[in-house]
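What follows is a set of notes on a single structure, which appears directly below.
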Amino acid sequence: MKLREIVEIVEGTPVFETDLDLEIGCGAAADLMSDVLALVEPGAVLLTGLCNPQVVRTAEMADITAIVFVRGKQPMPETIALAKEKGIPLVTTALPMFEACGRLHQAGLRSCDISCRIPWRTPDGPDELSQ
Amino acid sequence: MAEITRLQELAYEVKIGEVMTKDVVTVTPQNTMAELRVILRDHRISGAPVVEGGELVGIISVEDLIKALAAGEMDAQVGTKMTPRPVTVRADESVVMAIRYFNRHGYGRFPVVDRAGKLVGILTRGDIIRGLLKQLEMEYHREEELRYRFSHIFEELISDLTSITLRCRVEAQDFDRAGEASSKIKRALTRLAVAPQLVRRAAIVTYELEMNIIIHTTAGGEILAEIQRDRIIIRAIDSGPGIPDIEQALQPGFSTAPDWVREMGFGAGVGLNNVQRCADEMLIESPGAQWTSVKVAIYLNRECLEAGKAAA
């Protein structure tokens, strides 16, 4: 799903000028940054209620593609500055977390893989390909 | 093994539209089974979508043909023998979704549609395997080139053990700069052409350890990332107050973080578990609860991974 569609679906607003053709593979929602770091799949959109710069740092480490701030929250100026520097698009939406997630999921955006095993580490990881 | 696991990752990245067969041979409901037989034989295919007036109405396979043959119904129309309203997959979905569909439904092929529901291709397990292998081959060539550059550094600098060490100071309570050390290390590893999935693991490890130093220490500490030929070693060292009970600290959910840290989204008590998940080796030391050292190794190649397993 393109970032453009995500912005439309959550009736959001990009915080700064952004490449809306970015491809988003999956979605995740968390206010706990360690939960975000537990995602095993790169290329996600993160929905969160936290607005501090750490969200961007965490996104950088976990290879998150874009961040959506829910419930009308505005990211702090430091957060915006860091996101610009790191090239991570920020979007705000007035929708509450549950509603935003629900709409995206219904529109076909699937959940990020958060299996506790890291697939590229364990030879007995996801067996979907071996079946 | 490295190739197989990359294949699993690719299944997430590659879209169905990139691997499907685009020139679809279709039949109409009015075709007879005898005609279908000729079409399947001439195109060497084992099934075809059934289309009427531009709309996908069903799917018919060689199994249906065999049944009709056995029952002597080769004059029957495809429309009466097909599977109506077939399960479809979307061209913009990941290949992994298609793999799940194959496993769930047990069908041999899925018609591929675009967002408007229009038929744009057909997907078999063979298409998936061919598509992923092609992608893998392209990446392999790219990676070979990068690897050569990386290994070159170690070939030119000869010693008993050559390594590159990145050293980053981390201040206690300094949330404004939190993550900077990890960010620097992540960038450096990428420049050194370490594989992206390994960079990501190293970044998560350094970030969690950096946050621990910021949240829990009185005087800060240091993060070191040492890149050797076959492994990355990450060390986080601080000057206290130390961890009184390491086993307890490793319990998921155990946390001594104050409320203001939790408000920032940290201190949920799973940081060390995240570290453990990403590490091939991990050692935590905090003698007499005076200082803490966390040492993590991430193996860069298969030989090292196997040697590590044998030692364990």
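The values are calculated or read from the model by the stated rules, or taken from the named source; none is laboratory data. All of these numbers come straight from a predicted model, not from anything done at the bench. Counting neighbours? That spans all protein chains shown, and the Cβs are built from the backbone with ideal geometry, glycine included. Each accessible area value is taken on the protein alone, full model and side chains, heavy atoms only, with ligands, DNA and RNA left out. Shrake-Rupley method; radii C 1.70, N 1.55, O 1.52, S 1.80 Å.
Quick notes on this one:
- Test: B:Arg130 is in contact with a Phe, Trp or Tyr (Cβ under 8 Å, 6 or more places away or on another chain) and open to solvent by 40 Å² or more (accessible area, probe 1.4 Å): no
- Residue match in the range A:22-30 (condition: open to solvent by 50 Å² or more (accessible area, probe 1.4 Å), away from chain B (no Cβ under 11 Å), of a type outside the set (Val, Ile, Thr) and under 14 Å from the mean Cα position of the chain (by Cα)): yes
- Tally of residues being outside any loop (DSSP other than H, G, I, E, B) and either at pLDDT 90 or above or of a type in the set (Gly, Ala, Ser) (or both) across the range B:86-98: 5
- For the range B:64-71, the criterion of being among the β-branched types (Val, Ile, Thr), without any contact (Cβ under 8 Å) to a residue 24 or more places away in the chain and surrounded by fewer than 14 Cβ atoms within 10 Å (Cβ to Cβ) is met by at least one residue.
- Taking helices (runs of 4 or more DSSP H) as the structural unit, those lying wholly within the range B:169-267 and holding at least 1 residues that are modelled with pLDDT of 90 or more correspond to B:180-191, B:196-216, B:246-249.
- The set of residues in the range A:47-57 being more than 7 Å from chain B (Cβ to nearest Cβ) and polar (S, T, N, Q) consists of A:Thr48 alone.
- Among all residues of the range B:231-244, there is at least one that is more than 13 Å from chain A (Cβ to nearest Cβ) and under 22 Å from the mean Cα position of the chain (by Cα).
- Candidate set from the range A:27-63 (those that are touching a residue at least 60 places away in the same chain (Cβ under 8 Å) and in contact with a Leu (Cβ under 7 Å, 6 or more places away or on another chain)); member that is nearest to B:Leu10 (Cα to Cα): A:Gly27
Conditions tested, residue by residue: (1) surrounded by 19 or more Cβ atoms within 10 Å (Cβ to Cβ); (2) at pLDDT below 90; (3) farther than 29 Å from B:Lys134 by Cβ.
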{"position": "B:Ala2", "(1), (2), (3)": "no, yes, no"}
{"position": "B:Met20", "(1), (2), (3)": "yes, no, no"}
{"position": "B:Thr28", "(1), (2), (3)": "no, no, yes"}
{"position": "B:Arg37", "(1), (2), (3)": "no, no, yes"}
{"position": "B:Asp42", "(1), (2), (3)": "no, no, no"}
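- For the range B:1-51, the tally of residues that are among the β-branched types (Val, Ile, Thr) and within 14 Å of chain A (Cβ to nearest Cβ) stands at 5.
- Residue that is farthest from the chain's Cα centre (by Cα) [pool: residues in the range B:268-283 that are among the aliphatic types (A, V, I, L, M) and either part of a loop (DSSP other than H, G, I, E, B) or under 15 Å from A:Asp31 (Cβ atoms) (or both)]: B:Ala268
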